[in-house]
1. Computed from these coordinates, which is Rg/Rh (Cα atoms, Kirkwood Rh): (i) 0.97; (ii) 0.92; (iii) 1.44?
2. With a point put 7 Å past each Cα toward its Cβ, work out how far residue 33 is from residue 69 in nm, to one decimal.
3. Could you rank the peptides 119-127, 81-89 by their average count of other C-beta atoms within 10 Å per residue, with the highest value first?
4. Let's test the formula: R0 of 30 Å, r as the Cβ-Cβ distance of residue 2 and residue 92. What FRET efficiency results, to the nearest 0.05?
5. Determine the relative contact order of the chain: mean sequence separation of Cα pairs under 8 Å and six or more apart, normalised by residue count, in whole percent.
6. So, R0 is 25 Å and r is the distance between the beta-carbons of residue 100 and residue 12; what FRET efficiency does that work out to, to 0.05?
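Each value in this text was obtained by applying a stated rule to the coordinates, not by laboratory testing. All figures in this text were calculated on a predicted structure; none of them were measured in a lab. Ideal geometry is used to build each Cβ from the backbone, glycine not excepted, and the neighbour counts take in all protein chains shown.
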């Protein structure tokens with residue numbers, strides 16, 4: 001069994017698309033809109049795994065405390081491009097691209113952290 005998809009709440013799905021198009025596009029992901037009010041994203045040529053939608057309960061879209069979605073990148077350049085795209089499209093910085101751990105150079109975990117305009121937290125990473 002595996003996770004089918006993850007949803008991310010947005011008050012205005014169309015207004016959220018430039019952020020996700022640019023940020024996930026930097027990772028080689030594409031958007032599909034299989035039904036009104038939804039935007040799905042996944043690696044080009046593969047099944048979509050992230051859905052952006054209005055909250056089902058009609059309440060406000062808001063970030064969950066402690067919830068984060070992490071996207072695995074193929075290169076450090078992709079991580080840097082995704083982080084820059086997020087900030088250029090209304091996102092906020094939660095940690096610039098770089099190695100993470102007490103032993104920065106040999107940790108093997110290179111990542112960047114950011115939030116979308118709603119406040120949802122994301123990570124783009126790779127392991128050496």
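1. Correct label is (i).
2. Going from the residue 33 label point to the residue 69 one covers 1.7 nm.
3. 81-89, 119-127
4. Between residue 2 and residue 92 the formula returns 0.45.
5. It rounds to 25 percent for the chain.
6. Calculated value: 0.15.
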